[in-house]
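Below is one structure, written out as C-alpha cells; the observations come after it.
The values are calculated or read from the model by the stated rules, or taken from the named source; none is laboratory data. Treat the numbers as computed from the prediction; the structure is a model and nothing was measured. Every residue, glycine among them, receives a Cβ derived from its backbone with ideal geometry; neighbour counts consider all protein chains shown.
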Amino acid sequence: MNEKLKRFFERNGKAVEAELARVLARKGAAAISFLAPEPATLRKAMSYSLFAGGKRLRPVLVAAATEACGRPASASRLAGCALEMIHTYSLIHDDLPAMDDDDLRRGKPTNHKVFGEAIAILAGDGLLTYAFELAAENAAKAGLSARESSELIRVIAAGAGARGMVGGQVADLEAEGWLTKGTAPLRDGKREKAAKLLTYIHTHKTAALITASLEAGAIIGRATGAQRAGLRAYGLALGLAFQIADDVLDVVGDKKKLGKRGSDEANAKLTYARLYGLDGARAQAGAWLNRAHQALSPFPRGRAAVLHDLAEYVVARDR
C-alpha cells in the first residue's frame with residue numbers, strides 16, 4: 001500500500017471507527033420506558049464483531065467514490081458505517097456452524113464461540129437492520145431528494161440481498177464439493193460450467209456489496225450518469241479481483257496474518273485457485289485489475305487516484 005492510500009485508509013478508517021462507536025453508544029427512546037433501548041448482551045455482541053479489526057474496505061470505498069464525485073467523504077460517513085455493518089453481519093452468519101463453521105475470525109474467536117449461536121444470529125440481524133436506519137439518516141443529512149434517498153436504500157438493499165450477497169452465499173454453499181463430484185470432474189464441459197458458476201458466486205457474494213458501496217458514494221456525491229456507470233463497472237472488477245486474491249492467499253498466505261484456521265480446500269470450496277491453479281488465478285486477477293482501471297475513465301486521473309491505487313492494493317495485498 002503506497003503512502004497516499006495508506007493515509008486515506010487511516011484518515012477514513014479512524015473517522016468510521018469513531019462514527020460507529022458513536023452510533024452504537026447513542027440511546028434511542030425505549031419502547032417500554034423502564035427498559036434500555038436494546039439488551040446489553042446484544043450491544044456487546046454487535047460491538048464485538050464490528051470492532052474486531054478489518055480493513056474497513058467498504059466504508060473507504062464509499063468515501064473514495066464520494067470524493068471522486070466532488071463531495072467530501074464526511075457527507076457519506078453514515079452510509080459507510082451502514083455498509084460496514086452489513087459486511088460484519090455477513091461475517092457473523094458465515095462463521096456459524098450451519099455455514100462455514102469457523103472458530104476464528106481475524107485472529108479472535110468468532111461471535112458464536114463467545115456469545116452462543118442464538119445471540120450471534122441476532123447480533124447479525126441487529127447490524128443488518130441498523131444499517132438501513134443509518135443509510136436513511138445519511139440521506140436526510142446529505143440533503144438528498146426523496147428519489148435520491150430511495151435510490152440509495154434500493155442500491156444497498158440490492159447489493160446485500162437475495163439478488164446480491166445473500167444469493168451468492170447460497171450458490172457458494174451449494175457449490176461445495178462440486179468440483180469433485182463424478183468420476184471426471186473437469187471433462188465434458190464441466191470446467192466451463194464451473195467457471196460460470198464461480199463467476200456467478202463472486203459477482204454476487206463479494207462484488208455486489210463492493211459495488212453497492214461505490215454506488216452509494218456516487219448517489220451521495222451526485223455523480224453524472226457516466227461516472228455512476230463507471231463506478232458500477234469498477235466495483236464488479238474490483239470485487240472479482242479481490243476475491244481471486246483471497247483465493248490465492250488461502251493457499252499461499254500466512255494463516256497468522258490472515259487470522260484464520262482451515263482452508264477453502266479443506267471445505268471443498270469452488271475457488272479460482274482450485275479451478276485455474278495459482279498462476280491462472282493470478283492472471284485472472286490481473287485481467288480484472290486492468291478492467292477496474294479502465295472503468296474509471298469518466299474521472300480525471302487525479303480525482304480517482306485513490307480508487308486506482310486501491311485496485312492495485314487489492315491484488316497485491318498479503319492479508
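Annotations for the structure displayed:
- Sole residue being modelled with pLDDT under 95 and not aliphatic (A, V, I, L, M), chosen from Pro97, Pro72, Pro59, Pro39: Pro39
- Within segment 207-257, the only residue that satisfies the criterion of being β-branched (Val, Ile, Thr), farther than 21 Å from Asn138 by Cα and crowded, with 24+ Cβ neighbours inside 10 Å is Ile244.
- Inclusion of Glu10 among residues that are surrounded by fewer than 23 Cβ atoms within 10 Å (Cβ to Cβ) and assigned to a helix (DSSP H, G or I) is warranted.
- The listed residue being acidic (Asp, Glu), on the phi < 0 side of the Ramachandran plot and touching a residue at least 60 places away in the same chain (Cβ under 8 Å), out of Glu10, Glu38, Glu17: Glu38
- The residues in segment 256-299 that are farther than 30 Å from Cys69 by Cα and either of a type in the set (A, V, I, L, M, F, W, C) or at pLDDT below 80 (or both) can be counted, and the count is 20.
- Test set (1) farther than 22 Å from Arg232 by Cβ; (2) among the acidic types (Asp, Glu); (3) surrounded by fewer than 16 Cβ atoms within 10 Å (Cβ to Cβ) - Glu148 fails condition number: (1)
- Selection status of Val155, crowded, with 18+ Cβ neighbours inside 10 Å, part of a helix (DSSP H, G or I) and not hydroxyl-bearing (Ser, Thr, Tyr): yes
- In this structure, Ala79 does not satisfy being touching a Lys or Arg at 6+ places or on another chain (Cβ under 8 Å), at pLDDT 95 or above and either aliphatic (A, V, I, L, M) or surrounded by fewer than 21 Cβ atoms within 10 Å (Cβ to Cβ) (or both).
- Filtered residue count, segment 158-203, keeping only those that are part of a loop (DSSP other than H, G, I, E, B) and modelled with pLDDT of 90 or more: 4
- Of the residues making up segment 210-225, those that are within 11 Å of the chain's Cα centre (by Cα) and either of a type in the set (Ser, Thr, Tyr) or not in a helix (DSSP H, G or I) (or both) are Thr211, Ser213.
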